[in-house]
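Here's the structure, in structure tokens; my notes come after.
Read-outs throughout are calculated quantities, based only on the coordinates presented, and are distinct from any laboratory measurement. As the structure is a prediction and not an experimental result, all values here were calculated from the model. Using ideal geometry, Cβ is built from the backbone for each residue, glycine included, and neighbour counts are taken over all protein chains shown.
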Amino acid sequence: MNNGTLDLRFHHVGLACRRLEAERKAHELLGYVAEGETFVDPVQRIRGLFMTNGGMRIELLEPAASPSPVDEILQRGQKMYHQGFLCSDIRAAVAYLEQNGARVISPPVPAVAFGGKEISFLMLRTLMIVELIER
């Protein structure tokens, strides 16, 4: 399998935030508009909102329960911390990236933000965090 057969398509950039509403207002000043409603994912322990501006989509994420994966990101002072990609076969994509040096942070689990479709987080050798989202 090569990366062409993974059929990866860029979906969003994930932004960690302490207060979702403050971030929402700041991004509205830049021309972003909400795409859908705010959601809460008890498995991921996050509260989130997708926003778009032209062809750009961001996902604002704040901790919804403690501990939350976003807590550690915020403690490090990061804001932009992952890129999300749609894929047609999440298990094949995870296996391919692992074979090429990526480390699984979170194995495939259903996600509220995507109507129960599975997501998985991996860290590439370059330390880039990637979220795979099954179509």
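For percent of Cα pairs over 25 Å apart, the candidate list reads (1) 42; (2) 35; (3) 24; the entry that matches the value derived from this model is (3).
Rounded to the nearest 20 debye, the dipole size of segment 59-135 about its Cα centre is 180 debye, using +1 on the Cβ of Lys and Arg and -1 on the Cβ of Asp and Glu. Against the chain, whose longest principal axis comes from its Cα atoms, helix 20-29 is set at around 80 degrees. If one computes the Cα centroid of segment 79-134 and of segment 1-66, what distance in Å separates the two points? Using only Cα atoms to place each centre, the spacing works out to 15 Å. Note on segment 3-134: antiparallel DSSP beta bridges, both residues inside, total approximately 75 percent of the bridges counted. Using R0 = 22 Å, the C-beta based FRET efficiency linking Gln83 and Leu127 works out to 0.95. Relative to the longest principal axis of the Cα atoms of the chain, the long axis of helix 90-99 makes an angle of roughly 70 degrees.
Taking Cα centre as origin and charging only the Cβ of basic (Lys, Arg, +1) and acidic (Asp, Glu, -1) residues, the dipole magnitude of segment 3-134 rounds to 320 debye.
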